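Working notes, beginning with the structure itself.
The values are calculated or read from the model by the stated rules, or taken from the named source; none is laboratory data. In this text the structure is predicted, and so the values were computed from the model without any measurement. Quick reminder, even Gly has a Cβ in these numbers, built from the backbone with ideal geometry, and neighbours come from all protein chains shown. All accessible areas refer to the heavy atoms of the entire protein, side chains included, with ligands and DNA or RNA removed. Shrake-Rupley method; radii C 1.70, N 1.55, O 1.52, S 1.80 Å.
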Protein chains: 2
Amino acid sequence: MASELLSMTLKAIGIVRSEIKQPTKRDGEKVISDIVVNDDLTEALDGLEESSHIVVLYWMHQAVSGEVPLKIHPRGKQGLPLLGLFATRTPNRPNRIGIATVRLLERQGNILRVEGLDAIGGTPVIDIKPYIPGYDSVADTKVPPWITNR
Amino acid sequence: MASELLSMTLKAIGIVRSEIKQPTKRDGEKVISDIVVNDDLTEALDGLEESSHIVVLYWMHQAVSGEVPLKIHPRGKQGLPLLGLFATRTPNRPNRIGIATVRLLERQGNILRVEGLDAIGGTPVIDIKPYIPGYDSVADTKVPPWITNR
């Protein structure tokens, strides 16, 4: 196991170019931003434009580093229940990886224009995957009230 | 940017306990497995049991390490088009992170029993998030034919 842990180091594959300078706590649905993928990976995007939506993994570099609180109120709202961090989408996690399912508006070479990416300008991007309905999505779900009543 | 890159190191927050010993190329929908979360993070799971589905991020430690091919045939099938790796869900990626949206059957302390986790036993888990319909899912999508005709 130790040798596995040593190898769990991420490389940025690109960066977010956006006018958003502060984390938005999820109001960014209609934001348009660009993902500028490293030049040497341009070819690895071929075919992605066949998908209307993509899943973007990014490193939330402005979140708290070091030890994170295990229990929090979602979005810092004291009126919401105190929950374990893994029961929430807080950026302050042991591994600061954010996921966003976004619309792919356009690809030009190594640049992807997307709608709905909740990440500030300068955010390192670590992976891009095609969105697969039925694998990434679930039809019949139960979610806690604090998620539905936003 | 250099200082950001230095800090992009992952810590395992738990491990998959499963009878699957080989990667399955996505037939594992009904597989039942356990996620054994590190003891010291047990409290961070509180409230997760309110969600019927969770998003699990894991490190695909058996994928090819080092340089990965930029273009591949999905699932190694020569009959499928040659695509950029980011247009596919191949485990052989610059950052070997897998995502699975799975049903949470039960939580007992630091152990989550889940259905549909496409990861072999021993896989390091790096994050767990509650699934949020409408944020993680999209109603109206276009996907390439090789995804729908599986």
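Data overview
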item	result
The protein assembly as shown: Rg to Rh, with Rh as the Kirkwood radius over Cα pairs	0.93
Test item: A:92-100 mean partner chain Cβ contacts at 10 Å	6
Cβ-vector label at 7 Å, B:L82, separations to other copies in nm	5.9
Estimated 222 nm signal from helices in the protein assembly as shown, with DSSP H stretches of n ≥ 4 weighted -39500 (n - 2.57), rounded to 500	-1000 deg cm²/dmol
Portion, in percent, of the accessible area of region B:10-150 that falls on carbon or sulfur, probe 1.4 Å	49 percent
Other copies of B:P69: label-to-label distances in nm, shortest first, labels 7 Å along the beta-carbon direction	4.9
Neighbouring partner chain Cβ atoms per residue of A:116-123, average, 10 Å criterion	1
For chain B, the spread of Cα positions along each principal axis, largest first, Å	46, 39, 32
Nearest residue to the symmetry axis between B and A, taken on chain B by its Cβ, in whole Å	B:S137, 2
Accessible area in square angstrom per residue, the protein assembly as shown, 1.4 angstrom probe	45 Å²
Of A:K71/B:K129; A:K71/B:K11; A:K30/B:K11; A:K11/B:K71; A:K11/A:K77; B:K30/B:K142, those spanning more than 23 Å from alpha-carbon to alpha-carbon	A:K30/B:K11; A:K11/A:K77; B:K30/B:K142
Radius of gyration, Dmax [region B:37-76; alpha carbons; angstrom]	16.9, 42
